[in-house]
Structures are given as C-alpha cells and as structure tokens.
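Worksheet: the structure to be examined is printed underneath.
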Amino acid sequence: MTDFAAVRRKLWAVVLIVGFFALWEVLCLALGVSDLVLPRPSQVFATLFERLPILWPHILQTLMTTMIGFVGGVVIGVAIGALIGVSKVAYDTAYPLLIGFSSIPKVAVVPIFVLWFGSGTVPAVLTSLIICFFPIVVNVATGLATTEPELEDVLKALGASKFDILWNVGLPRVMPFFFAALKVSITYAFVGTVLAETVASNRGVGNVMMSASSNFDVPLVFAGLFILAALGVALYVAFSLIERRVTGWATRRDDFAAA
C-alpha cells in the first residue's frame, strides 16, 4: 500500500508539471501573447531541438565551469566549516567575515576577477566557487555544533581524542547537513557561472542568453533557461540519490510525508 501511494504521488507530480506547461501554452494562445514577451513552451522546445548542435558546446562549457567551481567551493567550505565547528575562536573570528562577504552582491565581484584574470573561464569558475561555498560552511559548522557536550564528555572520559570524537560522532552528524547544503549549493553554482558568463565570457549558456537577448531572440533565451533548469534538477536528483545511500538513516520516510 505504501509503494502504491508513493507511485501515485509521483504520477500526480508529473501530471501537475505537464499541466503547468500545458496551461502556459493555452494561455499564451488564448491571450495572444507576443513571442517577444513570453514564448510558448512548444516554441522554446522547438528552438532547443533545432539549435542543440550549436548549443551543445556551450552547455558543456557551463557544466564544466560550474562543476569545477562547485568542487572547489565544497572543499573550501568543508575545511572552513569544520574549523569553525570545532573551534570557538575560529567561529568568533571567521563567521562575521563570512557573513559580510556573503552579503556582497557577486555581480560586483565579477569585474574584479576580470581585472585580475581576464575574461574567460577563470572568472566564471571563481564566481561559481564563492557563491556556493557559504551554505557548505554554515551546514558543516551547524552539524558539528549539534554534538551534545555530554556525549563529548563521556567519550573523553573513555579515552577518546578530539579526532576520534570528530571522526566517529561529528562526521555522521554532519552528513545530513552536508548533503542538504550540496543540493542548495549546486543551484547557486549555476547562478554564479551564468552571471560571470553574461559579463566576462564569450562561451557558455549565459553568453548565449545574453547574445540572444540583444537580438530579441526570446525563445532562445528561454531555451537557455530550460537548459539551466534541467542541469540543476539532474544534479539535484543525483545528490539526492547519493544522500539516500549515505544517510538513509536520516532520510524522511515516504509514509510520514503529507499526501
């Protein structure tokens, strides 16, 4: 019964998603909405299909740039988050700096990267990195902070070192927070990449969208949006599957979910 309910819920989700695009199509036709304002989904998919050979190198460029920046953000975020989570001095010192840095609009940082490294892939990678590492830092530090002091005292009394406590207790506590941060950060990474590509690159989906916008090719702009959405959803699903394998004990069961 539980499996049937889960399948039915997923089917309803698919139906609602398809219904959303169908309603979009019907409303555009019924209201006579211009293609320059809001193209119909059928036009967007037709444009995507016709120009996919041209778009493919740009898709690969954006995906590669995003993944490089994302991996770098994860490595740096885990290192800083672990340091903040285990050291009160590091927390008091680094946290205000990180909050201040995360408050800076990243579009203001892109021109600085262009001055330092020139236009191209490097500014996009760095923008992707700095925009996605902050959720990793916060979640890793929060996960480590959830370890009860009483439990640490007991383990220390049993002869466990700080490394033993971190490895055997801290890391398992961090995993649910870590994977939650990964799923958020990958979407931020795409935002950073596309932001830099629109300003400081002659390749990538962001550059294609900017060129299409200047030529009033709105269906191509929306095709770029659909590509980015598809890439983001695919990576989100991939991390969700890995999360279930690694932290299945902390994953919410379907039979407790609302219908």
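With the cut-off at 1.5 for a/c, could you classify the stretch 1-85 from its C-alpha gyration tensor as rounded, prolate or oblate?
Because a/c hits 1.5 or more and a/b fails to exceed b/c, the stretch 1-85 counts as oblate.
Within the stretch 73-113, name every residue whose backbone N is under 13 Å away from a label modeled 7 Å from Cα of Val246 along the Cβ vector.
Residues 74-75, 78-79 fall inside that zone.
Place a point 7 Å from Cα of Asp35 in the direction of its Cβ. Which residues in the stretch 45-69 have their backbone N less than 19 Å from it?
Residues 45-55 fall inside that zone.
Between Leu60 and Val107, what is 0.36 nm times their sequence separation minus the Cα-Cα distance? Round to one decimal in nm.
Stretched out fully, the Leu60 to Val107 stretch lengthens by 14.6 nm.
Tell me, what is the 1.4 Å probe accessible area of Thr198, in Å² to the nearest 10?
40
What full-extension length gain, to one decimal in nm, is calculated for Ala145 and Val15 as 0.36 nm per residue of separation minus the Cα-Cα distance? Let's see the in-between values first.
On the way: separation 130, 0.36 × 130 = 46.80 nm, distance 4.16 nm.
Result: 42.6 nm gained on full extension.
The values are calculated or read from the model by the stated rules, or taken from the named source; none is laboratory data. Being a predicted model, the structure only gives us computed values, none of them experimental. Because the Cβ atoms are built from the backbone with ideal geometry, glycine has one as well, and the counts that use them run over all protein chains shown. Accessible surface is based on the protein model in full, side chains and every heavy atom, while ligands, DNA and RNA are left aside. Shrake-Rupley method; radii C 1.70, N 1.55, O 1.52, S 1.80 Å.
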